[in-house]
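Structure first, then comments.
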Amino acid sequence: MRQSHPKIDSELAPHDKFQEYSENWSGAVLVSTGYTSVTGIITAPSVSGSSGSAGSAWVGIDGDTCDTAILQTGIDWYADGTYDAWYEWYPSYADDFSGISISEGDEIQMTVTATSTTSGSAVIENLTTGEIVSQDFSDVTDGSLCEYNAEWIIEDFEECDGNSCSLVPFADFGTVEFTSCSAIQDGSTVGVSGATILDIEQNGKVLTSCSDTSSTVTCTYE
């Protein structure tokens, strides 16, 4: 079973107050209060790596300074050239969307919206094919959102077998750019400016290089 995980800090010291390292997350995180929606667009990347290697791109609410829940949606990619679209209200496992197909080069818009700390929605639209899928959540009992974080993330996600979960081998995704990035904070639209930038570090090696502008987040596999 596939599952995202709250940010796992690495042992490397940050570059500065706007730069951190994580074992599983790279990208950009806004940290404050009152985040109720996050959106962004990516192009499904060309992927390479060893058999079984994979990765994902998603937008979400919480999971950094709030680890009780994450409302998120995104796509997974695999070194064999396949892609999945999924949604998740962590700590539950992710579920794949049906009714949508993804190929390399497709433009994918991802949006999550929280209508309360236990209700919301996840929407994926393939802008290239016109396919759109969504999932509503209502009165979730597994974990409540804090609405502390808005995120645009490349993740080395986990595969779980019973009670045992481990990170998948991280695939080379080239460069992924989140465009048209925005979030709703206390009813107003905000961009990425002021976000903390994350890069993945595993076993002493930094695997990504990420940066942002006011409306984009770019991550490159190193």
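The values are calculated or read from the model by the stated rules, or taken from the named source; none is laboratory data. Bear in mind the structure is a predicted one, so any value in this text is a computation, not a measurement. Every residue, glycine among them, receives a Cβ derived from its backbone with ideal geometry; neighbour counts consider all protein chains shown.
Summary of computed values
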item	result
Every residue from the range 196-217 that is in contact with a strand residue (DSSP E or B) (Cβ under 6 Å, 6 or more places away or on another chain), under 15 Å from Thr39 (Cα atoms) and either of a type in the set (S, T, N, Q) or not in a strand (DSSP E or B) (or both)	Ser215, Thr216
Which listed residue is in contact with a strand residue (DSSP E or B) (Cβ under 6 Å, 6 or more places away or on another chain) and at pLDDT 95 or above, from Asp62, Asp80	Asp62
Candidate set from the range 140-149 (those that are modelled with pLDDT of 95 or more and closer than 18 Å to Asp95 by Cα); member that is farthest from the chain's Cα centre (by Cα)	Thr141
Single residue of Asp62, Asp76, Asp95, Asp80 found to be on the phi > 0 side of the Ramachandran plot and of a type outside the set (Val, Ile, Thr)	Asp62
Residues of the range 129-146 satisfying the condition of being part of a loop (DSSP other than H, G, I, E, B), small (Gly, Ala, Ser) and within 30 Å of Glu107 (Cβ to Cβ)	Gly130, Ser138
Breaking point among (1) under 18 Å from Asn149 (Cα atoms); (2) among the hydrophobic types (A, V, I, L, M, F, W, C); (3) over 14 Å from the mean Cα position of the chain (by Cα), for Phe97	(1)
Check on Ser164, out of contact with any Leu (no Cβ under 9 Å at 6 or more places or on another chain) and modelled with pLDDT of 95 or more	no
Pairs with Cβ under 7 Å, 6+ apart, first in the range 188-210 and free of Cβ contacts under 8 Å to residues at least 40 places away in the same chain, second polar (S, T, N, Q) and surrounded by fewer than 23 Cβ atoms within 10 Å (Cβ to Cβ)	Thr189/Ser182; Gly191/Ser182; Gly191/Ser214; Gly191/Ser215; Ser193/Ser214; Ser209/Thr220
Only one of Tyr148, Tyr93 that is more than 24 Å from Ala79 (Cα to Cα) and among the aromatic types (Phe, Trp, Tyr)	Tyr148
Segments classed as strands (runs of 3 or more DSSP E), wholly inside the range 148-188, with at least 3 members that are surrounded by 15 or more Cβ atoms within 10 Å (Cβ to Cβ) and among the aliphatic types (A, V, I, L, M)	149-155, 175-185
Where Ile132 falls short, out of the listed (1) buried (at least 21 other Cβ atoms within 10 Å of the Cβ); (2) in contact with an Asp or Glu (Cβ under 7 Å, 6 or more places away or on another chain)	(1)
